[in-house]
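Participant: Once you've had a glance at the structure underneath, I'll fire off some questions.
No lab work stands behind these numbers, since they all come straight from the coordinates. Everything numeric in this text was worked out from a predicted model, so none of it was measured. Don't worry about glycine lacking a Cβ; one is built from the backbone with ideal geometry, like all the others, and counts go over all protein chains shown.
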Amino acid sequence: MATTLIPVNMAKKLDRALMRFWWGFETHQQHKYTPKAWSSICMPKSLGGLGIRLTSHFNKALLGKLVWHLISNESSAWKTAILNKYMPNSDWVTVKAKDSDSRFWKFMIKQKDFILSSVLIQINNGTATHVWSDPWLPSLHPLIPTPQSPGIYHYPDLRVAELTLENPRRWNMLLLNTLFSPATIAAIQSIHLSQYQFHNINDLPKWKHHSSGNYSVKSAYAALVLNTNTIAPDIIWKKLWDVKLQDRLKLFLWKVYNEILPTQLSLSHCLPLTENQVLCSLCHMENENLDHLFLNCIFSRFLWRNAPWPLDITCFTQAGIRNWVNIILNPSDKLQISASEVHNFQLFSTLAMDTLWFIRNQTTHNIANHTIHYFITKTQELYREHAKAWEMEPIESQHSWRPPESEDTFSITFDVAVRNNSSTSLAVCRNNQGTFQFVVAQNNRHVDPNLGEATAAFIGVQEAYTRQIAKVVLQGDSLNTIRSINNPHKAINWEIEGVDMVIILVTTGQMGVLPRHVPIIAELKPRILSVHEGIDVTMYLLSREFAFIHVKSVVDIVTIEGTQDVRSRWELEARGYVAFCTKGVPVDFPKCNVLRRDKAVWGSVVADEGSGFAIVDALKDFIHGPNSLSIAENGS
C-alpha cells in the first residue's frame, strides 16, 4: 500500500470486507440491520465518525509520504536516483508523467497536486520565495498575500527577502503598507525573522496540516477526508472523546448522540412489529425511542429524583436526546454544576443511561424483570465503584522558585502572555539568593504561544550576555520546551525554528548566540572533524590544543531536569529546568594547525603555547547550516 496505488474496485472490496466484519455479517448473509452508514462511521472522530480508515484514502496518504520526501530537503540515495531519472531538467510544478515512465512514478505524479497544495514555505533568507505566488503566510487562507490594489500585481517577481531591512533584521513597514492589505500585513508581522547567519539558510517546505511541519500519514489522511467532505468539525465530538470516562462509556454516548441504539421504534422500520411490541419494554406506556427511554420513562424520572443532583428529567424531553448528551458534556454551562463536581455528574449521568439500557435489554429479551428500586440501587452502586476508581491522591503543587546551586549561576524564568492580537514575552533574572537582577520584556505581533515562549527564553539569555553573565539556568513550565530541546529535529511547532539558541564557550564560559540552523557533527575521530551540511561534508583537522562545543545533539549542550507541577486535580503541567552547560573535547595527538576550507564553521583562534586549549571564538563567526535546533512552547 505504501508504494502502489490500489485500484478503486479493489479498495472498495477491502472496505466491504471490513464493513461485514464490523457489522457481524454471516458468510453468505447479504442484508442486515445497519443503523448508520458505513461512510459516516469511517469519518474522523472530529467529524462524528469512529476514525476507521478507508482503504483508498489511506493508500494515497502512504504514497504521499514518498512524494513528500522528494519535495522536501531530505537527502537520500533513492531520492537522487529518482530525480535524476525522471526530473533532470524540470521541477515539481511542471513535471508530467510520460507513457514510458514506470507505474511507480505515475502513481507518484497522481499524488503531486495534493502534496503541493499542502506545502507551506518557512521563511529563512527569503530569496527563493515569490511573494505573490508561493504559499508562505500560515495565518492566512489562502496562504498568499492580498494586495492593496490590483495594480500591485505589476511586480510578479517580488521576493520575500525584498520586504525586509537589515541591522537589525525586520520587516519594511513602509513597503508593506504600500503593497498589502491590513490583514496581510498583520500575517506578515507574525512571522519571526532570524537575526544571525540567515543569508546562508534557504527557505524550507513545511507540511501545513501538522504543527511540526513534518509529513505524517495521519494528518494527510485527515486532509484527504476533509477535501472530499463538506462536514465542518463540531466541538461536541472533541468534548465527547476527551471526557474522563471509560472508552466503552464514550462509545455508548457516541451511539446515543447519533441515535443508533436499536430501540423498538427504530426496529419497527425494518421489522414487522405490532403496536404492543413497539411500546417501551419497561413502562409499556409510550413508544420506545431514545427520548422516551432516557428522558421520560418512569425509571429515568425516579432515578434522577433520587440522584445527588435532583432533576426533573422530563424538562429535557422536548429538546431531545442530543441536547441531553450536550448537557452531560457541558454541565457547567447548562446546569451550573460546579467545576469540582463536573466529572462526577458526567460519570453518574452516563452510568445511569448505560445501566438503564442494560436493564431494558434484559427485559426485552425475557432474561430478567427488574424493579425501579433495583435500577436505582444498581446505578448508585456502579457510580460509587467508578468514582472510587477515578479518585486521585492530591499532590502538593510545586510553585516555589528553584534557585541555582552555585553562586556564579543565575536563574532566568521566562513566560509569555497572549492576548487577542498580540503577545508579550517576559524574562526575569535572579541570583541564587533570589535577588532580582533584571526584567526584560518584548511585545510581539503574533499570538502563537510556542513562538512567544521561545522568544522569551532568547531575550532573557541575550540580556544576560550583554550584562556579561556567564552561567545561567533557564526555568519554564512547558514539557514541550524540554522535548523540543532534547530532540531538535522533531520540534513541536515549525514556526519557532527561526528563534536562535544560546551557547556557552568551553574555555571562557562566555555565552554566544547559536543560530537556529546549525550543521550536525556526524562523526568525531582523532584528527578529523566531519561536519555534514545537507549533502555537503566539510572536513577539519584538529590539534591537541583545540577544544570545541560538541553539537552532535543538543543534550551535549543542554541538560534537562523535569518535575511535575500540579495546577488542579485533573490537570498536570510539567515544569522543566533547563541548565546550559559546556563540553570540551580535547583530541590527543601532536600539535598541528587548524585546516579550514571554504565553508568555515567556527572562526578558530589558536591560543598561546602551553595553554592546553585554543579558544573557539563563536561570537565572531557564528555557526551556520541547514539543519535545526529548537526551543519550544511554554504551554502556560
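Participant: What is the set of long-range amide H partners of LEU165 at a cut-off below 5 Å, with H atoms built 1.01 Å from backbone N?
Facilitator: Close amide H contacts, sequence-distant or interchain: ARG170, TRP171, ASN172.
Participant: With a cut-off of 8 Å between alpha carbons and a minimum separation of six or more residues, what is the relative contact order of the range 8-116 in percent?
Facilitator: Dividing the mean separation by the residue count of the range 8-116 yields 21 percent.
Participant: How high is the relative contact order of the range 103-200, in percent, with contacts defined as C-alpha pairs under 8 Å that are six or more residues apart?
Facilitator: 28
Participant: List the pair-distance distribution P(r) of the range 8-116, using every Cα-Cα distance, as the percent of pairs falling in each 5 Å bin from 0 up to the bin containing the longest distance, rounded to whole percents.
Facilitator: 2, 10, 16, 17, 13, 10, 9, 10, 7, 4, 2, 0
Participant: What is the Cα centroid distance between the range 429-460 and the range 69-112, reported in whole angstrom?
Facilitator: Using only Cα atoms, the two centres lie 46 Å from each other.
Participant: Next question, about the same structure. What's the FRET efficiency of SER332 with LYS12 using the Cβ-Cβ distance as r and R₀ = 56 Å, to the nearest 0.05?
Facilitator: On the way: r = 45 Å, r/R0 = 0.81.
Approximately 0.80, to the nearest 0.05.
Participant: Turning to a different aspect of this structure: Strictly over 32 Å apart at the Cα level, which of LYS110/LYS250; LYS206/LYS334; LYS60/LYS334; LYS112/LYS255; LYS12/LYS45; LYS12/LYS244 would you flag in this model? Write out the running numbers ahead of the final one.
Facilitator: Working: LYS110/LYS250 39 Å; LYS206/LYS334 42 Å; LYS60/LYS334 43 Å; LYS112/LYS255 38 Å; LYS12/LYS45 21 Å; LYS12/LYS244 36 Å.
Distance filter (> 32 Å) returns LYS110/LYS250; LYS206/LYS334; LYS60/LYS334; LYS112/LYS255; LYS12/LYS244.
Participant: For GLN122, enumerate residues with amide H under 5 Å from its amide H, sequence gap 5+ or separate chain, H modeled in the peptide plane.
Facilitator: Amide H to amide H, under 5 Å and 5 or more residues apart or across chains, GLN122 pairs with LEU204, LYS206.
Participant: Over the range 240-390, what is the relative contact order in whole percent, taking alpha-carbon pairs under 8 Å and six or more residues apart?
Facilitator: 20
Participant: Given that compact globular proteins tend to follow 2.2 N^0.38 Å, what is the ratio of the alpha-carbon Rg of the range 119-208 to that value?
Facilitator: Expressed relative to 2.2 N^0.38 Å, the Cα Rg reads 1.01.
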